[in-house]
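Below you'll find the structure, written out as structure tokens, and then a few comments.
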Amino acid sequence: YYTMSYAILARADAGIRGPVDLVGKRVAVDAGRPAEYWLLEHGLERGIYKRQENVFRGVEIGEAPAGPLPFPIATWMSHEKPGLVVIPLAEPSLEVPLGAATRRDDVALTEAVDRAIDRLLATGAVGEILRRYHAVR
């Protein structure tokens, strides 16, 4: 029902406008997440943090000039922080389709969840929720 993508959270004064600007910089990243492997694949220096909020804080206080975070998290956490910018990444390898999981034998619950998601999509509620949390590009 939603494909989550990543963004670069950066200090506004760091001069970062995209991935190429991360070269030669120590980039904050949450350990074991898709973004860590993406940085590794691109030969970028990683500053490993535990938890996404610590990546955010590391960028905010200047421990790192930037860090990749899921787009909705980056936009929500930075929406009242003028010293930070969010740069959406157009990177298919960092797109994560989200869904809801239920027990295989609980058919009634699965169908109820499917109907609820369909209703939220049809009424535009999903889009409204994403806009409320600044999670729409």
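Structural remarks
- Protection-proxy order for peptides 7-14, 97-104, each taking the mean of Cβ atoms within 10 Å per residue, highest first: 7-14, 97-104
- Basic side chains Lys and Arg get +1 at the Cβ, acidic Asp and Glu get -1 at the Cβ, and with that the dipole of the chain about its Cα centre reaches some 240 debye.
- Integer Hz, Karplus 6.51/-1.76/1.60 couplings in order for segment 101-111, x for Gly and Pro: 10, 9, 5, 4, 7, 9, 4, 4, 5, 4, 5
- Segment 2-97, relative contact order in percent, only Cα pairs under 8 angstrom and at least six apart counted: 47 percent
- Candidate values [x] 104; [y] 117; [z] 129, label of the one derived for volume of the Cα convex hull per residue in Å³: [y]
- For GluC sites (Glu not before Pro), the sites in segment 39-91 that DSSP calls loop and that have at most 13 other Cβ atoms within 10 Å are 80.
- For segment 123-137 versus segment 1-31, the gap between their alpha-carbon centres in whole angstrom: 23 Å
- For the chain, calculated [θ]222 nm from helices alone, where every DSSP H run of n ≥ 4 adds -39500 (n - 2.57): -10500 deg cm²/dmol
- Those trypsin sites (Lys or Arg not before Pro) in segment 20-76 that DSSP places in a loop and that have at most 14 other beta carbons within 10 Å: 50, 51
Every read-out reported here was derived from the displayed coordinates using simple, explicitly stated rules and does not represent laboratory data. Just so it is clear, the structure is predicted and the values come from calculations on it, not from any experiment. Using ideal geometry, Cβ is built from the backbone for each residue, glycine included, and neighbour counts are taken over all protein chains shown.
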